[in-house]
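The values are calculated or read from the model by the stated rules, or taken from the named source; none is laboratory data. Nothing here was measured: the structure is a model prediction, and the numbers come from that model. Here Cβ is always computed from backbone atoms with ideal geometry, including for glycine, and neighbour counts include all displayed protein chains.
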Amino acid sequence: MEIKTFGVIGAGQMGNGIAQVAAVSGLDVIMNDINEEFLSRGLNTITKILSRNVEKGKMSAEEKDAVLRRIRISVDIKDMAVADFVVEAATENESLKFGIFKDLDGICEPHVILSTNTSSIPIGRIAAQTKRPEKLIGMHFMNPVPVMKLVEVIRGIATSEETFKATWDLSLKFGKTPAEANDFPGFIANRILMPMINEAVYCLYHSVGTKEDIDTVMKLGMNHPMGPLALADLIGLDTCLAIMETLHDGFKDSKYRPCPLLRKYVEVGWLGRKTGRGFYEYQ
C-alpha cells in the first residue's frame, strides 16, 4: 500500500509535531483541527522549529519552504477523504476520540488505515467505533515528536498483519524507531512512566522533598534527562491524570490511583507549560 497523503487530526503539540515529521519525510499532509486559531498556532510552531533547523545548518531554506508547502490545514474533517493514512492526535478524552473515529470511518476510503496517538486508551475500544477494526492501530509518538525517536506501535486484537507492517514501515520512513506493544491500558511507555510520575507527585504531596529536590534526585541519581515533575509539566498534568485514570479503571489496582495533588492541580487549571503554571511556573 502506497501512502502519499497523510492526515493528522489535531494541531496541538503532538499533532503539529507528527505533521512536521510526515512532511519532512516527503508526504503531503492534511493537518485538521476545530478552528483556524489552533491550526495557525500549530503551523507557527512547525515554522519556528524548521527555521531553527535552517539556522543550525540542519536543512536549507529551500528544504524548509518545500516542507511547509506540503502541509495543508483544514477545519473540515471531511477533507480526510483524500488521505491514505490518518493519525488522530486529539485530546486524551475517550468520548471525543470515539466521535472522531466514527466520523473518519464514514469519510475515509475502506482501505485507509486509521491510527490513534492515544497515550493509554485501549485500541480495541476505539476500533469498536468503526467497521474496520482490522485497520485500526495505535501509533504512539513521544513528545516532542520531532526530537524523540520512539514510536509505540500497538496492535488491537483485530489489527491485521498488513496494517501493522504498514504502520511499522511508516514509522521507519519518519526516521523513528518503532517498538511493538500489545493492547493493555497504558501500553508499555505509560504503564511504566506514569506511575513513576504519580509517585513523584505523592512525594511532593507527602512533603518527602521539594519539587526541585525530587527532580534533582531523579536527574542525578537515575540519570534521567529531566525530573518527573518537570516532565509532567511538559506532558500536561491533565494528560497525566487522564492516563492514570485509564490505568486505574483498566486494572482496578490501587497502585494506579492518581495522587490527590495531581487532581487538585488539574481542577484549578494548573496544567503545566501550556497554561504557564504546573508544578513549576513558566513565562
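So here's what we get for this one:
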| read-out | value |
| --- | --- |
| Hits in region 217-265 (condition: among the basic types (Lys, Arg) and not in a helix (DSSP H, G or I)) | Lys252, Arg257 |
| All helices (runs of 4 or more DSSP H) inside region 1-90 with 1 or more residues being exposed (fewer than 13 other Cβ atoms within 10 Å of the Cβ) and not acidic (Asp, Glu) | 36-55, 61-69 |
| Test result for Val54, in contact with a Lys or Arg (Cβ under 7 Å, 6 or more places away or on another chain) and among the hydrophobic types (A, V, I, L, M, F, W, C) | yes |
| Residue that is nearest to Leu50 (Cα to Cα), among those in region 143-180 that are out of contact with any helix residue (DSSP H, G or I) (no Cβ under 8 Å at 6 or more places or on another chain) and small (Gly, Ala, Ser) | Ser171 |
| Single condition Gly186 does not satisfy, out of (1) within 16 Å of Thr118 (Cα to Cα); (2) surrounded by fewer than 23 Cβ atoms within 10 Å (Cβ to Cβ); (3) touching a residue at least 12 places away in the same chain (Cβ under 8 Å) | (2) |
| Residue in region 195-218 that is exposed (fewer than 14 other Cβ atoms within 10 Å of the Cβ), more than 19 Å from Phe279 (Cβ to Cβ) and β-branched (Val, Ile, Thr) present | no |
| Region 246-255, subset touching a residue at least 12 places away in the same chain (Cβ under 8 Å) and over 21 Å from the mean Cα position of the chain (by Cα), residue nearest to Ile126 (Cα to Cα) | Phe251 |
| Candidate set: region 183-210, residues that are under 18 Å from the mean Cα position of the chain (by Cα) and among the small types (Gly, Ala, Ser); chosen: the one nearest to Pro228 (Cα to Cα) | Ala189 |
| Those residues of region 33-83 which are among the small types (Gly, Ala, Ser) and in contact (Cβ under 8 Å) with a residue 60 or more places away in the chain, in sequence order | Ala83 |
| Matching entry among Glu37, Glu92, Glu88 (being at pLDDT below 95 and closer than 28 Å to Leu241 by Cα) | Glu92 |
| Selected residue [modelled with pLDDT of 95 or more, in a loop (DSSP other than H, G, I, E, B), over 23 Å from Phe174 (Cα atoms) and more than 10 Å from the chain's Cα centre (by Cα)] from Lys102, Lys97, Lys131 | Lys131 |
| Residue count, region 105-122 (criterion: closer than 16 Å to Phe141 by Cα and outside any loop (DSSP other than H, G, I, E, B)) | 3 |
| Filter pass, Tyr202 being outside the structural domain of Thr91 (by TED's automatic domain parsing), among the aromatic types (Phe, Trp, Tyr) and under 26 Å from Arg155 (Cα atoms) | no |
| Condition check for Glu212: among the acidic types (Asp, Glu) and farther than 20 Å from Tyr256 by Cα | yes |
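Let's see how each residue does on (1) small (Gly, Ala, Ser); (2) outside the structural domain of Phe98 (by TED's automatic domain parsing); (3) surrounded by 23 or more Cβ atoms within 10 Å (Cβ to Cβ); (4) part of a loop (DSSP other than H, G, I, E, B):
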{"site": "Gly124", "(1), (2), (3), (4)": "yes, no, no, no"}
{"site": "Val147", "(1), (2), (3), (4)": "no, no, no, yes"}
{"site": "Ala158", "(1), (2), (3), (4)": "yes, no, no, yes"}
{"site": "Ala166", "(1), (2), (3), (4)": "yes, no, no, no"}
{"site": "Leu172", "(1), (2), (3), (4)": "no, no, no, no"}
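Each row is one residue, and each column tells you yes or no for (1) within 15 Å of the chain's Cα centre (by Cα); (2) of a type in the set (Gly, Ala, Ser).
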| position | (1), (2) |
| --- | --- |
| Gly15 | yes, yes |
| Met31 | yes, no |
| Glu36 | no, no |
| Leu39 | no, no |
| Lys64 | no, no |
